[in-house]
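Working notes for the structure below.
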Amino acid sequence: MPGVGRVAATEVAPGISAGRRRVMFLIVSIGLFVIAVDQTVVATALAAVQADLDTGINWAAWTITVYSLGQVIVMPMAGRLSIRYGPRRILLGAMTLFTVASLCCGFANSIEVLVLLRAVQAVGAGALVPAATGIVVASFGDNRDRALGMFNSIFSVGAITGPLIGGLCVTFLSWRAVFWVNVPLGILIVALSLRYLPPTASGERQTFDALGALLFALSMLGAMLAITHLGGEGASPLSPFFLAAAASGLVLGVLFVLHARRRAEPFIPLRLIHGKGFGVLNLINTLYGVAAHGFSALAPLYAQSRYGLSPLQGGTLLTSRAVGVVAVGGLAVLSLRRTGYRLPILVGLAGFVVSLTLTATSPSGLAPAHWLAMAAAVMGVAMGITVPASNNAGFHLAPDQAPAIAGLRGMFRQTGAIVTVSVATAILSRSADPGVTQGVLFLVIAGVVLAALPLVALIPEHRGSW
């Protein structure tokens with residue numbers, strides 16, 4: 001059945017010149033870059049935030065946690081809203097909200113206010129990726145697969161740049177400048193979007209499924225609060241908070257599924273979650289979050305706790321990983337129409353296994369810093385190979401649902417990362433030798449990914465543009 005995305009791609013794209021498409025891609029790229037930077041930039045300011053606002057490290061860390069939680073909840077919702085109201089409107093609203101929240105974050109006078117504003121900021125950031133995806137699908141015609149494939153490299157450049165920007169702001173200005181740097185870029189993106197992004201077709205006109213949206217959001221909130229609680233100091237799976245949050249997430253999730261089955265046009269069609277092709281892709285995206293994003297969060301700590309490397313040396317592992325992504329990302333995008341989806345996903349997942357195994361084993365003839373940097377670079381290469389294929393495999397199945405698919409994909413990847421970090425943190429807090437224990441955890445993750453490799457054969461294959 002032809003959908004909104006397919007119609008927009010054939011009707012809108014021919015009327016847009018190549019030059020204007022480049023400007024449009026630049027606009028969405030700047031937006032993606034800004035939110036990618038914000039994923040890492042705040043980490044460099046945690047100590048300054050803690051001292052200035054006179055709070056504990058747990059509360060200060062919530063400025064990062066709530067940003068991830070908010071995006072997990074918002075991304076799939078924003079994907080559906082982009083289909084209903086058009087991605088241009090959602091992008092403008094998301095960027096405006098993100099910019100205003102960033103400005104207000106810099107004026108926060110208590111940690112509670114800062115965490116609340118970071119949650120608002122996360123709503124804007126989480127809505128941006130599905131909206132940007134919808135704009136590319138609607139406007140780039142046969143080149144949309146290649147344009148979407150470049151998104152991963154943009155996020156990697158942002159990951160490299162974030163700690164540098166944060167370090168400069170905290171050193172020469174204030175932790176508040178970490179948030180204020182978003183404001184001029186946000187204003188620029190809104191202004192350019194109003195001028196250069198053409199109106200994109202809005203789609204669904206049936207009654208908005210408000211109850212489905214509420215059930216979905218609350219079920220995800222309960223589940224994520226339960227998972228993140230496990231990573232807290234002294235947390236227990238038998239604690240009243242964990243049991244209440246987990247139970248509410250499970251019950252509301254069941255209610256959402258029952259509601260979606262009864263409704264003709266649910267907020268999120270269940271076929272996008274467990275339908276043919278989507279079920280295996282969502283599982284692989286979750287494993288991607290476990291292995292790739294989980295590695296990013298845990299590798300610097302591992303370098304410090306097992307080998308005594310400095311925080312700066314531990315942080316350079318993420319730079320090595322990002323360089324690996326950028327080095328192969330463009331080639332992977334250009335090769336996708338020849339290779340299809342299964343081969344690069346298989347190679348990339350196998351690369352995760354190699355990287356995690358190298359990280360967990362003792363250095364062989366190299367200094368620990370060099371050994372870990374090599375393992376991180378392998379992880380980056382594997383990510384650069386995997387992402388374009390796994391992204392487009394989902395879009396190819398339902399082009400008219402591209403923004404919703406992008407939102408769900410982001411949700412599954414972030415969920416995998418949150419689960420990994422929370423469970424690992426809970427285990428490490430009880431370990432007598434956290435460095436060795438973390439190495440074992442890397443091997444366990446490698447084993448899980450290795451066991452999942454046969455699932456790649458279930459991904460629907462396709463070559464060429466979609």
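Restricting region 394-415 to residues that are buried (at least 22 other Cβ atoms within 10 Å of the Cβ) and of a type in the set (Gly, Ala, Ser) leaves a set whose member that is nearest to residue 39 (Cα to Cα) is 410. Checking each residue in region 237-255 for being aromatic (Phe, Trp, Tyr) and either surrounded by 14 or more Cβ atoms within 10 Å (Cβ to Cβ) or modelled with pLDDT of 90 or more (or both) picks out only 242. When we screen 168, 116, 97, 92 for residues that are within 23 Å of residue 20 (Cα to Cα) and either in a helix (DSSP H, G or I) or in contact (Cβ under 8 Å) with a residue 12 or more places away in the chain (or both), the only hit is 92.
On the stretch given as region 421-456, residues that are of a type in the set (Val, Ile, Thr) and modelled with pLDDT of 90 or more total 6. The sole residue among 91, 97, 69, 81 that is among the aliphatic types (A, V, I, L, M), at pLDDT 90 or above and either buried (at least 20 other Cβ atoms within 10 Å of the Cβ) or closer than 18 Å to residue 45 by Cβ (or both) is 91. Please enumerate the residues belonging to region 175-201 that are open to solvent by less than 60 Å² (accessible area, probe 1.4 Å) and assigned to a loop (DSSP other than H, G, I, E, B). Within region 175-201, 175, 176, 181, 197, 198, 200, 201 qualify.
Restricting attention to region 167-185, the residues that are modelled with pLDDT under 80 and within 17 Å of residue 121 (Cα to Cα) total 0.
Determine whether residue 107 is touching a Gly at 6+ places or on another chain (Cβ under 6 Å) and among the hydrophobic types (A, V, I, L, M, F, W, C). Answer is no for this residue. One residue stands out in region 27-47 among those that are open to solvent by 20 Å² or more (accessible area, probe 1.4 Å) and at pLDDT below 80: the one that is nearest to residue 161 (Cα to Cα), namely 40.
State yes or no: is residue 128 touching a helix residue (DSSP H, G or I) at 6+ places or on another chain (Cβ under 9 Å), touching a residue at least 40 places away in the same chain (Cβ under 8 Å), closer than 30 Å to residue 313 by Cβ and surrounded by 24 or more Cβ atoms within 10 Å (Cβ to Cβ)?
Spelling it out, it is not the case that residue 128 is touching a helix residue (DSSP H, G or I) at 6+ places or on another chain (Cβ under 9 Å), touching a residue at least 40 places away in the same chain (Cβ under 8 Å), closer than 30 Å to residue 313 by Cβ and surrounded by 24 or more Cβ atoms within 10 Å (Cβ to Cβ).
For residue 107, work out the one condition from (1) over 23 Å from the mean Cα position of the chain (by Cα); (2) touching a residue at least 12 places away in the same chain (Cβ under 8 Å); (3) assigned to a helix (DSSP H, G or I) it doesn't fulfil. That leaves (3) as the condition not met. Put simply, of 337, 306 the only residue that is charged (D, E, K, R), closer than 22 Å to residue 163 by Cβ and not in a loop (DSSP other than H, G, I, E, B) is 306. The condition (being surrounded by fewer than 24 Cβ atoms within 10 Å (Cβ to Cβ), closer than 27 Å to residue 328 by Cβ and aromatic (Phe, Trp, Tyr)) is satisfied by just one residue among 140, 172, 107: 140.
With respect to the conditions (1) of a type outside the set (A, V, I, L, M); (2) assigned to a helix (DSSP H, G or I); (3) open to solvent by 10 Å² or more (accessible area, probe 1.4 Å), residue 359 lacks only one, and its number is (3). With respect to the stated conditions, residue 342 is among the basic types (Lys, Arg), within 27 Å of residue 272 (Cβ to Cβ) and in contact (Cβ under 8 Å) with a residue 60 or more places away in the chain. Of the residues making up region 261-297, those that are among the hydrophobic types (A, V, I, L, M, F, W, C) and either open to solvent by less than 10 Å² (accessible area, probe 1.4 Å) or not in a helix (DSSP H, G or I) (or both) are 264, 267, 268, 270, 272, 281, 284, 291, 292, 295. Anything in region 359-405 that is farther than 20 Å from residue 331 by Cα, under 16 Å from the mean Cα position of the chain (by Cα) and modelled with pLDDT of 85 or more? List them, or say none. Passing the criteria: only 405.
So that you can scan it fast, the table gives a plain yes or no per residue for (1) out of contact with any helix residue (DSSP H, G or I) (no Cβ under 8 Å at 6 or more places or on another chain); (2) closer than 22 Å to residue 75 by Cα; (3) basic (Lys, Arg):
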| position | (1), (2), (3) |
| --- | --- |
| 253 | no, yes, no |
| 257 | yes, yes, no |
| 265 | yes, yes, no |
| 291 | no, yes, no |
| 307 | no, no, no |
| 319 | no, no, no |
| 326 | no, no, no |
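Out of all the residues in region 432-465, which are open to solvent by less than 20 Å² (accessible area, probe 1.4 Å) and either within 30 Å of residue 141 (Cβ to Cβ) or of a type in the set (Phe, Trp, Tyr) (or both)? Result: 442, 456, 459.
What number of residues in region 416-431 are among the hydroxyl-bearing types (Ser, Thr, Tyr) and either open to solvent by less than 20 Å² (accessible area, probe 1.4 Å) or closer than 14 Å to residue 149 by Cα (or both)?
2
The values are calculated or read from the model by the stated rules, or taken from the named source; none is laboratory data. Since we're looking at a predicted model, the values are computed, not measured. Glycine gets a Cβ as well: all are built from the backbone with ideal geometry, and neighbour counts include every protein chain shown. Side chains are part of the model used for accessible areas, which takes the heavy atoms of the whole protein and leaves out ligands, DNA and RNA. Shrake-Rupley method; radii C 1.70, N 1.55, O 1.52, S 1.80 Å.
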